[in-house]
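As structure tokens, the structure follows; a few thoughts come after it.
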Amino acid sequence: MEHLQDLNSRQREAVTSTEGRIRVIAGAGTGKTKALTYRYAYLVNEVGIDPANILCLTFTNKAAQEMRQRISTFVHSGDYNDFVCTIDGFCVKMLRRDIYRLGFPKNFKILDEEDAKSLAKSCMDELGIKRTEKTVKDFLAGISAAKDLTDYIDTYMLPGSKPSSDYLPTAPGKQAADPKALLPAPSVACYIGRQMKEYALDFDDIENFAKYILDHFEDVREYWQGQLNYIMVDEAQDCNADNWEIIEKLAARHHNLFVVGDPDQCIYEWRGARPARFVEFASDKDIVLDENYRSTPKILDIANCVISNNKNRIPKTLFTRRDEGVAVIHFHGKSEKEEAEWIASQIEKLHGEGAELSDFAVLYRSSYLSGGIEQELLSRHLAYTIWGGTRFFERKEIKDALGYLRLVADSGDDLAFRRIINVPSRGLGKKFLSDLEAEAGTMEIEGVRASRPLFTTLKESGRLSKIRGAEAFIEIIEACRQIAEEHSISDLMNIVLDKSGLKKMYREDQDEDRLENIDELVKSIRFYEESHEGLEVSLAEYLQDIALYTNADFKKETRTVKLMTIHQAKGLEFPYVFITGLSEGIFPSMRTVREYKKNGEEEERRLMYVAVTRAERALYLTESEGYNQSTKMNKYPSRFLAEIKRSMLVTEGNISEELWRGTRNLIHVLDEENYGLAIGRGTSAGSPAGNEFADGDGFASERAEYSSPFRIGGGAAHKIFGKGVIVSASKDWSSFLVRFTDGTERQLRASFLTPLIDDLPE
Ligand code: ATP
Ligand code: MG
């Protein structure tokens with residue numbers, strides 16, 4: 001294959017070692033993903049393997065989409081397939097084929113986070129659980145824990161199983177880390193009962209169902225094991241135990257498993273990633289790559305320097321033959337605004353000198369940090385796109401529009417029906433819905449499955465279907481169903497938007513944002529269709545697929561600056577990278593360091609390593625001083641900046657030595673607390689935090705004490721009153737009662753206090 005000339009000898013070895021268990025273990029930017037892509041092409045073009053026999057797993061849909069595009073440049077059109085996907089994506093494909101064995105229809109639904117929340121809320125209402133007793137999030141966490149620990153599929157979800165509400169056995173070999181986190185059986189029964197009614201799976205179920213089917217149906221297992229002659233996994237360091245189980249099971253017949261990863265880039269341990277499985281992988285051959293092709297030496301020096309501070313790692317250093325490049329800049333701003341202004345001005349300048357806007361990425365630890373930068377970019381008319389934030393597919397207007405498609409695809413989709421029956425308003429309010437529900441009945445002949453779908457009930461109802469709004473609604477759905485048979489999904493979407501009155505409603509409201517978003521939705525469907533060209537994708541399949549997507553997925557690259565969290569930047573590269581908000585407490589996140597101690601700190605440092613190694617040509621590290629509302633503390637430069645040799649950075653902006661001292665102080669406070677000498681408050685071990693943690697939304701608001709540098713019983717100094725001991729904290733940890741050495745006690749705001757470490761006042 002002529003393209004093999006593009007690779008170095010070790011990459012070529014990785015590509016041509018097609019048989020057996022092969023592991024590529026290598027640092028960032030060394031061409032792991034490139035080797036994996038070429039290997040796919042090699043298998044097809046040189047070895048003659050049918051793409052239907054290759055499974056290629058990536059970590060995000062975005063990565064899968066990019067890989068499919070890259071592969072399509074080597075492999076004849078039509079000769080690559082849909083098995084280039086995420087593991088969840090693959091499980092869904094598997095379930096489409098085999099889920100009928102568990103009594104579910106092929107077009108089962110997938111609940112996204114918002115759907116799951118609405119199911120949880122209705123269960124809580126039914127069971128009389130008050131939100132003050134338990135939040136919806138806790139309820140769902142309980143469901144998730146119960147699903148992890150019990151044989152819930154056998155107990156509740158198989159045909160004929162009766163969702164008894166008093167039996168919830170723990171599966172053999174499983175034990176709850178925190179039994180209190182488990183929900184009482186009636187809650188689980190209620191939630192699953194509702195899921196069953198809609199034939200809906202939540203995210204936990206997808207992999208669990210796939211595993212269940214592989215375990216229990218020998219013919220299915222043999223089918224997939226026979227089908228998938230070659231399996232390749234990118235970013236294997238972030239696979240969790242379930243992922244590994246599925247992958248190993250699928251590879252058990254042909255044993256051709258190619259795994260690629262970098263333990264220094266494991267950033268999902270808080271969500272169950274098992275990097276040890278990758279490190280201990282029983283391989284027939286290991287290939288190590290150490291030449292980085294992505295970044296300049298100056299950027300790589302920073303990356304090597306940062307990661308060398310982690311103790312728990314296998315030492316490795318990257319080198320590159322690229323030109324020296326420009327200096328890495330550390331910018332210190334006097335305020336967040338100044339930091340944001342500086343970033344925007346650099347982008348403006350470089351753009352003026354010819355750089356494309358799409359060459360820039362601004363990365364941050366937590367999504368709430370994007371606001372200031374957005375404002376500055378807006379004021380300079382620099383176009384940008386945010387990946388993450390409110391997920392595109394979870395926005396109201398998007399869910400409403402898709403609600404119509406869901407009902408068109410499946411008239412039994414009651415969640416969709418409820419969502420759209422009165423959007424736009426057709427005068428069909430609560431009374432109408434409760435009449436309709438009464439008519440649909442709750443025929444619990446065999447469990448809950450017997451009740452009639454609302455839309456069918458409506459069509460067949462003599463009285464209700466004659467109400468003007470209802471009549472119109474039925475007509476729209478039925479007409480669209482006809483249209484769906486002859487038109488593409490994107491055309492259908494356009495027609496739905498017109499016929500339903502959604503577009504008109506937003507136009508009348510002059511709601512430009514929503515109008516733009518629904519246009520974007522149509523574009524994204526077109527893009528989806530393009531990237532699945534030649535594969536017949538049904539409406540139901542499209543709907544299943546998008547339930548897995550996030551904002552970042554299925555949007556075409558445009559000429560805009562990219563703003564995203566570091567987690568979302570995984571595997572990607574950009575010529576110019578800004579890492580912002582490099583302040584102690586923000587990055588590393590104080591909460592992670594407090595909750596997970598050394599492991600937390602090391603995972604944060606790997607995140608920093610991932611961020612630095614995204615940069616190709618230039619890297620900018622920025623932070624600012626002042627009070628941070630979210631962490632409720634004054635800002636000091638991040639320890640990750642402090643760990644970089646000063647000679648490796650050019651510093652811009654005026655940073656005082658006092659700020660660096662503040663950093664050292666904070667590190668001491670945490671070290672003392674984590675590794676002895678802790679006074680007063682303990683830390684909660686608990687289970688890994690939920691999704692909000694990676695994106696950082698609400699990171700400080702829930703448990704402010706985690707992100708505060710102060711602690712009860714610890715020392716604090718005030719400019720005027722001198723030194724004192726903290727007696728108590730306000731509820732949100734934004735102010736403290738301090739007892740000063742003269743015996744006075746004063747309640748003072750955190751921003752007026754400095755934490756003391758060594759010298760507790762007498
Ligand atoms: P990460 O760990 O960040 O996922 P990676 O190891 O997967 O990185 P790639 O994304 O495959 O690295 O490659 C990094 C960059 O180096 C890409 O732009 C790629 O095209 C380029 N590259 C990889 N191998 C070579 C090579 N042999 N010659 C020239 N360029 C290469
Ligand atoms: Mg990669």
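Derivation of every value follows stated rules applied to the coordinates shown; laboratory data play no part. Just so it is clear, the model here is predicted, and its values are computed rather than measured. As a convention, Cβ positions derive from the backbone with ideal geometry for all residues, glycine included, and neighbour counts pool all protein chains shown.
General observations
- For Asn634, the amide hydrogen comes within under 5 Å of the amide hydrogens of Asn628, counting only partners 5 or more places away or on other chains and with H modelled in the peptide plane.
- Mean residue ellipticity, 222 nm, helices only, the chain: the sum of -39500 (n - 2.57) across DSSP H runs of n ≥ 4, divided by residue count and rounded to 500, is -13000 deg cm²/dmol.
- 3J(HN,Hα) along the range 728-741, derived from phi through the Karplus expression 6.51 cos²θ - 1.76 cosθ + 1.60 where θ = phi - 60°, amounts to 7, 10, 5, 4, 9, 6, 9, 9, 9, 8, 10, 9, 8, 4 Hz, with x in place of Gly and Pro.
- With the charge dipole of the range 265-393 set up from +1 on Lys and Arg Cβ and -1 on Asp and Glu Cβ about the Cα centre, the Cα lying farthest toward the positive end among the listed residues Gln346, Cys266, Ser370 is that of Cys266.
- Fully extending the segment from Leu737 to Asp215 would add 182.1 nm, taking 0.36 nm per residue of separation and subtracting the current Cα-Cα distance.
- With each label modelled as a point 7 angstrom along the Cα→C-beta vector, the Glu471-Asp491 pair spans 3.0 nm.
- Förster-model FRET efficiency, 56 Å R0, Asn599 and Val537, C-beta, rounded to 0.05: 0.85
- ³J(HN,Hα), Karplus 6.51/-1.76/1.60, whole Hz, each residue of the range 392-401, x for Gly, Pro: 3, 6, 9, 6, 4, 4, 6, 5, 5, 4
- Residues Tyr627, Tyr152, Tyr528, sorted so that the one with the fewest Cβ neighbours within 10 Å comes first: Tyr627, Tyr528, Tyr152
- A Förster radius of 22 Å combined with the Cβ-Cβ distance from Thr558 to Ser345 puts the calculated FRET efficiency at roughly 0.45.
- Lys/Arg +1, Asp/Glu -1 at C-beta; the chain dipole; positive extreme among Asn665, Ile213, Ser728: Ser728
- Options Leu95, Ser538, Trp224, ranked by Cα towards positive dipole end of the chain, top entry (Cβ charges): Leu95
- Percent antiparallel among DSSP beta bridges (both partners in the range 550-674, rounded to 5): 35
- Note on Asn8 and Lys311: their simple-model spin labels are 3.2 nm apart, each label 7 Å out from Cα toward Cβ.
- Extension gain, Gln225-Ser647: 0.36 nm per intervening residue step, less the Cα-Cα distance, totals 146.5 nm.
- For the chain, the antiparallel share of DSSP beta bridges with both residues in that region comes to about 30%.
- Net dipole in debye of the range 552-673 [+1 Lys, Arg Cβ; -1 Asp, Glu Cβ; about Cα centre; nearest 20]: 380
- Distance between the 7 Å Cα→Cβ label points at Ala438 and Lys337: 6.0 nm.
- Per-residue 3J(HN,Hα) values for the range 277-285, derived from phi via the Karplus relation 6.51 cos²θ - 1.76 cosθ + 1.60 with θ = phi - 60°, read 4, 6, 5, 9, 3, 7, 10, 7, 8 Hz in sequence order (x marks Gly and Pro).
- Computed over the Cα atoms of the range 352-401, the ratio of the radius of gyration to the Kirkwood radius (Rg/Rh) comes to 1.05.
- The chain, dipole about Cα centre (Lys/Arg Cβ +1, Asp/Glu Cβ -1), debye to the nearest 20: 1220
- Averaging the sequence gap over all C-alpha pairs within less than 8 Å and six or more residues apart, then dividing by the number of residues, gives the chain a relative contact order of 15 percent.
- The range 216-368, dipole about Cα centre (Lys/Arg Cβ +1, Asp/Glu Cβ -1), debye to the nearest 20: 380
- The range 204-243 and the range 346-365 have Cα centres lying 41 Å from one another.
- The slack in the chain from Glu324 to His718, taken as 0.36 nm per residue of separation less the alpha-carbon distance, amounts to 137.2 nm.
- Global geometry of the range 1-158, whether rounded, prolate or oblate, following the gyration tensor of its Cα atoms and the 1.5 cut on a/c: prolate
- Cut-off under 5 Å, modelled amide H: who pairs with Arg380 long-range: none
- Whole-angstrom gap from the range 567-610 to the range 93-167, using each part's C-alpha centre: 34
- Cysteines in the chain lacking a second Cys C-beta under 4.7 Å: Cys56, Cys85, Cys91, Cys239, Cys266, Cys305, Cys480
- Close amide-amide hydrogen proximity is noted between Thr150 and Ala171, each under 5 Å apart and 5 or more residues distant or on a separate chain (H modeled in the peptide plane; Pro and chain starts excluded).
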